[in-house]
Amino acid sequence: ILRRLKQDYPSKVVIASIMGQAEEEWIELAKMAEEAGCDAVELNFSCPQMRESGMGSDVGQDPELVTFFTAYVKRSVKIPVIPKMTPNIAHISQPAMGAYFAGADAISAINTIKSVTLGEGSEVNGCQTGSGYSGKAVKPIALRHILAMVKNPIMKNIQYSGIGGIENWRDALEFIQLGCRNVQVCTAVMQYGYRNIDDLTLGMKRYLAKRGLKSLDALVGESLPLFMKPDNLNRDTIIYPKFNKELCNR
């Protein structure tokens, strides 16, 4: 499928997302992706629902495994290697630094958040299980994790791919303004269809024109100087609620 996809769309970037359980599997899958003509390979260290232990988010929560598997793949292929981080962890910078020191070309984040869904439609053959939560609600959490990695002074000269709750061009812009040079969309396309991509591209073009910019490069990381530690904020600031009395029903 990946080989045919690249042949049909030679001008587009095709990235294979792979997941193994041992060194040999990671290397084999990465080589297969490269041989199929993929432009890069994303290492899924973050899937929250796996049939077997030692895969997915189990790896992403262990900085040592992230380091080892990233290094194995990096030595095995010539195409860029992009480890994908899990949000199901207290400090995302720890596994991210493991990927960084192993020579990762970029880091993508985040994958879905471990959760439990109850109610009609949530059963699988009459049974329940934990799963991954995605969509609009996870965007602030994704942005928080992106900020933590981008602000890490140790991790310099590495690119970020932002994921999580991106539905429109404004959502994508927020990830770019925090330092991402690439964004990924999945759930929104599943919900609204592929025309959602038109909103992303056209909306961003209009925004660039409005600001008189010719490239997205000028937007990358422009919001970072605004962020500071809570104790450095002006605690005298007061924000008052505003009431529209014409809409008030008493």
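In whole percent, what relative contact order does the chain give with Cα contacts below 8 Å and a gap of six or more residues?
Relative contact order for the chain comes out at 12 percent.
Name the residue farthest towards the positive end of the dipole of the chain from the options GLY103, PRO140, TYR9, assuming +1 on Cβ of Lys and Arg, -1 on Cβ of Asp and Glu, about the Cα centre.
PRO140
Could you please put LYS136, LYS245, LYS156 in sequence from largest to smallest accessible area, using a 1.4 Å probe?
Putting LYS136, LYS245, LYS156 in descending order of accessible area: LYS245, LYS156, LYS136.
Between THR201 and LEU213, what is the spin-label point distance in nm, taking each point 7 Å from the Cα along the Cα→C-beta axis?
1.9
In nanometres, what is the gap between the two model label sites at GLU25 and PHE101, each 7 Å from Cα along Cα-to-Cβ?
About 2.6 nm separates the two model spin labels.
Rounded to the nearest 20 Debye, what is the dipole magnitude of the stretch 1-147 about its Cα centre when Lys and Arg each give +1 and Asp and Glu each give -1 at the C-beta? All intermediate terms of the calculation are to be shown ahead of the outcome.
Details: 14 positive and 16 negative charges, 114 e Å.
Around 540 debye, computed over the stretch 1-147.
Cα-based Rg of the chain per 2.2 N^0.38 Å, rounded to two decimals?
Against the empirical 2.2 N^0.38 Å value, I get 1.13 for the chain.
Suppose we keep just the DSSP beta bridges with both residues in the stretch 62-178; what percent of those would be antiparallel, to 5?
Counting DSSP beta bridges with both partners in the stretch 62-178, the antiparallel share is about 45 percent.
Which value at 222 nm does the chain reach when only helices count, each DSSP H run of 4 or more adding -39,500 (n - 2.57), with the total divided by all residues and rounded to the nearest 500 deg cm²/dmol?
Numbers: 9 runs with 90 residues, N = 250.
Using -39500 (n - 2.57) per qualifying helix, the result is -10500 deg cm²/dmol.
What accessible surface, in Å², does a 1.4 Å probe find on PHE227, ignoring ligands, DNA and RNA and rounding to the nearest 10?
About 100 Å², rounded to the nearest 10.
Using the structure shown, list the pairs from LYS6/LYS114; LYS31/LYS84; LYS12/LYS205 with a Cα-Cα distance above 25 Å, or answer none.
LYS6/LYS114
Can you classify the stretch 51-189 as rounded, prolate or oblate using the Cα gyration tensor, where a ≥ b ≥ c are the square roots of its eigenvalues, rounded means a/c under 1.5, and otherwise it's prolate if a/b beats b/c and oblate if not?
Cα axes put the stretch 51-189 in the oblate bin.
On a 1.4 Å probe surface of the protein chains, which of GLU35, GLU23, GLU167, GLU64 comes out largest in accessible area, and what is the full order?
Result of the area sort, largest leading: GLU35, GLU64, GLU23, GLU167.
The values are calculated or read from the model by the stated rules, or taken from the named source; none is laboratory data. These numbers come from a predicted model, not from an experiment. Ideal geometry is used to build each Cβ from the backbone, glycine not excepted, and the neighbour counts take in all protein chains shown. For accessibility, only protein heavy atoms count, side chains too; no ligands or nucleic acids. Shrake-Rupley method; radii C 1.70, N 1.55, O 1.52, S 1.80 Å.
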